[in-house]
Amino acid sequence: MKLESKLPDIGATIFTVMSKLANDHGAINLSQGFPDFACPAALVDEVTRAMREGHNQYPPMAGIEPLRQSITRKLRASYGIEVDPDAEVTVVSGATEGLYNAITAAIRPGDEAIIFDPAYDSYDPVILRFPEYATDWNEVEDRISPRTRLIIINSPHNPSGAILRASDMQALSEIANRHDLCIISDEVYEHIIFDGEEHQSVLRYPALRERSFAVFSFGKTYHATGWKVGYCVAPPALTAEYRKIHQFNTFTTCTPMQYALARFMENSAHHLDLPAFYQAKRDHLHRALQESRLRPLPCSGTYFQLFDYSAISREGDYEFAQRLTREHGVAVIPVSVFYGDRTDHKVVRVCFAKHEATLDRAAAILCRL
Ligand SMILES: Cc1ncc(COP(=O)(O)O)c(C=O)c1O
């Protein structure tokens, strides 16, 4: 039987392509965004304990009560806000599901959404200004039509490492109020932020919070990207709509992982150490590549560093990334794939969520280019 494709232009994502190429060529894989080090052993022990205690059946649709309680305590400590764990927090199967539910709840056929290019996923974009990847809020407002319902933001930002600051949040707030827009705020890298900068969650701003779905991922914070557990925080009326989608999408999220996270996250040391932990890796990578012809772009957050390779080659970023993997044994991501129109600034993305030894091995190769 042959199905008529609903998505004829969609192939495998660049992450799948580059990780496979890295495997095929035995290359050091700095392409896909995941750590090559273990998640905390105590967290793994908690999963085993939860399973042995018999937490192996369907949990409540919105997530287990202890995890929603732990999340609200962490939000209070991080952002000084009160959140209702029953009416405002939904545990989901990764931020990917978290974003899907929010987009599906917020927009109807014919509505428009604004997102920024480059972006983790793309459609009808506003271009972030290269090379700082700053947002031009006047351009954002120019793009708004009577049909615009939604703006999707992401800070710290994948792939650029740029962050939104208080002035950005102010500008966003004014625009969203003026045009009565819903906001989806992808905050999966909330704790991976550098140089003393503070993460500007939409939840800190009452005027934004009342119209926002804020989406988080435990995978990024606890070095466990394969667990696919995250959560969404939104006001009660928005959460009610959100849960209607969630219950027919995945319905629930892996029970023992929820118990393990609820217990482990009570100790805040892990996430409070994260900025210094990843900043040290970013700075290590910079030092290791100081003698190379790769030019690092500013990186204020996430575990991704962009490099301008134009002093090495004039070839397109896709070709460069492929050749680097095949011929030199280091896999990276071409940044053009994050643009709807494949804009190519001769920039590649390197994931530095790796052991320093891995970064050193890759840097030794890259310095010879
Ligand atoms: C910006 C951004 N949002 C969402 C996700 C997806 O998170 P999860 O693995 O929890 O689904 C990622 C993963 O790379 C990401 O970089």
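Assorted remarks:
This table checks each residue for (1) surrounded by fewer than 17 Cβ atoms within 10 Å (Cβ to Cβ); (2) touching a helix residue (DSSP H, G or I) at 6+ places or on another chain (Cβ under 7 Å).
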{"position": "THR90", "(1), (2)": "no, yes"}
{"position": "ALA95", "(1), (2)": "no, no"}
{"position": "ASN101", "(1), (2)": "no, yes"}
{"position": "ALA106", "(1), (2)": "no, no"}
{"position": "PRO131", "(1), (2)": "yes, no"}
{"position": "ASP136", "(1), (2)": "yes, no"}
{"position": "ASP142", "(1), (2)": "yes, no"}
{"position": "PRO146", "(1), (2)": "yes, no"}
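- Elements of type helices (runs of 4 or more DSSP H) in segment 194-302, at least 3 residues being away from the ligand (no atom under 16 Å from the Cβ), at pLDDT 95 or above and farther than 30 Å from PRO131 by Cα: 236-249, 255-264
- The strands (runs of 3 or more DSSP E) falling completely within segment 48-131 that include 1 or more residues that are at pLDDT 95 or above and on the phi < 0 side of the Ramachandran plot map to 89-92.
- In segment 183-242, residue surrounded by the fewest Cβ atoms within 10 Å (Cβ to Cβ) [restricted to those that are among the acidic types (Asp, Glu) and within 14 Å of ALA102 (Cβ to Cβ)]: GLU241
- Subset of segment 280-298 (residues that are farther than 18 Å from VAL330 by Cα and in contact (Cβ under 8 Å) with a residue 40 or more places away in the chain): LEU297, PRO298
- Residue in segment 88-99 that is in contact with an Asp or Glu (Cβ under 9 Å, 6 or more places away or on another chain) and away from the ligand (no atom under 16 Å from the Cβ) present: no
- Residue within segment 161-174 that is surrounded by fewer than 23 Cβ atoms within 10 Å (Cβ to Cβ), among the small types (Gly, Ala, Ser), in contact (Cβ under 8 Å) with a residue 12 or more places away in the chain and in a loop (DSSP other than H, G, I, E, B) present: no
- Look at segment 342-369: where a residue is at positive phi and a partner is among the aromatic types (Phe, Trp, Tyr) and part of a helix (DSSP H, G or I), sitting 6+ places away or on another chain with Cβ atoms under 8 Å, you get LYS346/PHE320.
- When residues of segment 176-193 are limited to those that are of a type in the set (Val, Ile, Thr) and in contact with a Lys or Arg (Cβ under 6 Å, 6 or more places away or on another chain), the one farthest from the ligand (Cβ to nearest atom): ILE183
- So GLU190, is it under 21 Å from the mean Cα position of the chain (by Cα), among the charged types (D, E, K, R) and modelled with pLDDT of 95 or more: yes
- Of all the residues in segment 306-333, those that are part of a strand (DSSP E or B) and surrounded by fewer than 24 Cβ atoms within 10 Å (Cβ to Cβ) number 2.
- The residues of segment 21-46 that are surrounded by 14 or more Cβ atoms within 10 Å (Cβ to Cβ) and either over 23 Å from ILE192 (Cβ atoms) or among the hydroxyl-bearing types (Ser, Thr, Tyr) (or both), listed by number, are LEU21, HIS25, ALA27, SER31.
- Residues located in segment 251-279, provided they are surrounded by fewer than 17 Cβ atoms within 10 Å (Cβ to Cβ) and either without any contact (Cβ under 8 Å) to a residue 24 or more places away in the chain or not small (Gly, Ala, Ser) (or both): PHE251, GLU266, ASN267, ALA269, LEU272, ASP273, ALA276, PHE277
- Total residues in segment 286-323 satisfying the condition of being under 15 Å from LEU359 (Cα atoms) and either out of contact with any helix residue (DSSP H, G or I) (no Cβ under 7 Å at 6 or more places or on another chain) or not hydroxyl-bearing (Ser, Thr, Tyr) (or both): the figure is 12.
- Residue satisfying condition, being in contact (Cβ under 8 Å) with a residue 24 or more places away in the chain, closer than 29 Å to PHE15 by Cβ and away from the ligand (no atom under 14 Å from the Cβ), within set ASP84, ASP111: ASP111
- Any hit, segment 49-67, residues being under 18 Å from PHE264 (Cα atoms), surrounded by fewer than 18 Cβ atoms within 10 Å (Cβ to Cβ) and of a type in the set (A, V, I, L, M): yes
- Any chance ALA276 is under 20 Å from the mean Cα position of the chain (by Cα) and small (Gly, Ala, Ser): yes
The values are calculated or read from the model by the stated rules, or taken from the named source; none is laboratory data. Computed from a predicted structure; not experimentally measured. Glycine gets a Cβ as well: all are built from the backbone with ideal geometry, and neighbour counts include every protein chain shown.
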